[in-house]
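Chemist: Below you'll find the structure I mean.
Here, each number is a calculation from the coordinates, and none is a lab measurement. Predicted model, so just to flag it, every value in this text is computed and none were measured. Here the Cβ positions follow ideal geometry from the backbone for every residue, glycine too, while neighbour counts run over all protein chains shown.
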Amino acid sequence: MALFTVFGSPIAHSLSPQIQLEFADQFGLVNEYRRSLSSPGRFAADVAYFFRHGGSGANVTVPFKQQAYQLVTHTTLRARQAGAVNTLMGRGAGQVLGDNTDGLGLVADLRWHLAKAQVGDLSGKTVLLLGAGGAARGVVGPLLDAGVARLTVANRTEAKAADLVDRFADSRLAYCSMNELPAADIIIQATSVALQQQALTLPANLAAQAVLCYDMSYGATPTKFLQWAAANGCANCLDGLGMLVEQAALSFALWHDGLLPDSRAVITKLLERN
Ligand code: ATR
């Protein structure tokens, strides 16, 4: 039986075990998937211990994604673009590959919802990304690769948005202050305000002009950002559950020689249960 885990803090409510075991079930595989509570001081030792004691692969969630990037021995291009990893794969003899499937997970979920709403694809769309921290950084490369026409990053600390934009030499990418937000087809909430039960102050007209508003966080009740989007007339208001499952599917494929599970079936199950 192959052993997997997810490292995070807090970790007790992570849906990753449930999602990964559903994926394994689709292929008749019996895996073990745990939750590992860690801490910044112990994280490197916890990861080393896990791979020394039979672990095949792991997910990494808040707040360890950047620390994980520092400790892996090999990285994929998308991990380097993000400067963070959410997926670890043991390669034996202390070697660990770090990948980042968050951005492609977001792109997959956005594409599915745009098609469902019959409003075209990501290519040619204008996007406003709120936030310039670890979560935002992981999705910039895949959004550009998906062919967006313009991607504007807005952040409370404008200098961090400028730094993020500078990492990618792409004329479609720009930054702005939170006081001068441009209208966009898609607005993505990638700050950590939802975790702090806070709200961003956003102009009402932006929601009405957007075809889709997406919050990368998820929870039992709509976030303040999604409440703002719905109250101000956006027709497609989505939380990050789909992204969570899509990124997990890509991690599963990395660990299982490219086997790509049916993510929509698992999203449907989770929505029915919760
Ligand atoms: P994560 O890995 O979740 O992205 P992070 O790297 O600490 O966490 O980044 C948090 C992001 O949320 C940042 O963009 C942060 O803005 P600053 O760079 O100005 O700190 C943003 N953020 C957090 N609290 C916020 C608030 N109350 N209002 C606006 N933005 C906030």
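Chemist: Going 7 Å from the Cα of Arg42 along its beta-carbon direction, which residues of segment 82-119 have the amide nitrogen within less than 11 Å of the resulting point?
Modeler: Of the residues in segment 82-119, none has backbone N under 11 Å from the label point off Arg42.
Chemist: Which far-off residues, 5 or more places away or on another chain, put their amide H under 5 Å from the one on Thr87, with H placed in the peptide plane?
Modeler: Val60, Asp99, Thr101
Chemist: Give me a comma-separated list of calculated 3J(HN,Hα) values for segment 94-108, in order, Karplus coefficients 6.51, -1.76, 1.60 applied at θ = phi - 60°, integers in Hz, x for any Gly or Pro.
Modeler: x, 8, 9, 8, x, 10, 10, 9, 4, x, 5, x, 5, 4, 4
Chemist: Using the Karplus equation 6.51 cos²θ - 1.76 cosθ + 1.60 (θ = phi - 60°), what ³J(HN,Hα) coupling, rounded to whole Hz, does each residue of segment 199-210 give in order, writing x for Gly and Pro?
Modeler: 10, 7, 9, 10, x, 4, 5, 5, 5, 5, 7, 8
Chemist: Here is a follow-up. For segment 155-165, what does the Karplus curve 6.51 cos²θ - 1.76 cosθ + 1.60, with θ = phi - 60°, yield as ³J(HN,Hα) per residue in whole Hz, taken in order and with x for Gly and Pro?
Modeler: Ordered by residue, 3J(HN,Hα) equals 8, 3, 8, 4, 4, 6, 5, 4, 4, 5, 5 Hz.
Chemist: Going by C-beta contacts inside 10 Å, put Arg80, Arg137 in order with the fewest on the left.
Modeler: Starting with the residue having the fewest Cβ neighbours, the order is Arg80, Arg137.
Chemist: Under 5 Å between amide H atoms, partner at least 5 residues away or on a different chain: which partners does Asn236 have, H built in plane at 1.01 Å?
Modeler: Cys213
Chemist: Could you state the number of Å between the C-alpha centres of segment 1-75 and segment 227-245?
Modeler: 28
Chemist: Under the 0.36 nm per residue contour assumption, what length would be gained going from the current alpha-carbon distance of Arg111 and Glu180 to full extension?
Modeler: Between Arg111 and Glu180, full extension yields 22.1 nm more.
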